[in-house]
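Reviewing the structure listed below.
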Amino acid sequence: MNGQGIVRSYTGARRHPWVLGKLGDWVMPFGPYTPVQLVVLGGGALLLIETFAWWSWAGPVPVVVWLASVWAVRGAQIAGQNPFTALLGAVAVMTRHPAGRIGGRVARDRRPSPWGGRFVIEPAPVPAPVLASVPAGAGQEVVVAGVRAAGSGLDRLLAGAGRAAP
């Protein structure tokens, strides 16, 4: 042998079947049954026994409907899940905290703190417009209608048009 092992994988359904067809040496008639079928079988039998006075006038029809319902739920699934699993999921969703969980703990908002920063919004000072134009040489600033421009010719041209270079 070259050192490789043999691996066998069995599905969970083969190891732990979700059907019941044999109790000891007794084989259940028309079995095996799923857990949902057993619940409908037991619950329906209890319901029919307790309400016999209400349905006895109908003859065997309620019993036939009960047995047909046991047969009908044999492959019942809710969103691709066993009905018990779906019911357990619905109960888990209804009982969870509405804020959810973070790291396994209930997520809660932090307590408000009375300590905090303050800031004041004040209007910006309005500069007084200067309407005088002063010819400037290269490298000097030019002020035209309140707009400051550098001393190049393009900047003076843009400042005179009402647009300032950044």
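Brief remarks follow.
- Kirkwood radius for the range 22-73, taken over all pairs of different Cα atoms as the inverse mean of 1/r, rounds to 12.0 Å.
- Relative protection proxy for 31-44, 114-127, from highest mean packing down: 31-44, 114-127 (other beta-carbon atoms within 10 angstrom).
- Extension gain, residue 82 to residue 107: 0.36 nm times the residue separation minus the Cα-Cα distance gives 5.9 nm.
- Chain lengthening between residue 72 and residue 91 when straightened (0.36 nm per residue, less Cα-Cα): 4.4 nm
- Over the range 36-135, the hull volume per residue, using the convex hull of the C-alpha atoms, is 430 Å³.
Every read-out reported here was derived from the displayed coordinates using simple, explicitly stated rules and does not represent laboratory data. As the structure is a computational prediction, the values presented were derived from the model and not from experiment. All Cβ positions, glycine included, derive from the backbone under ideal geometry; neighbour counts span all protein chains shown.
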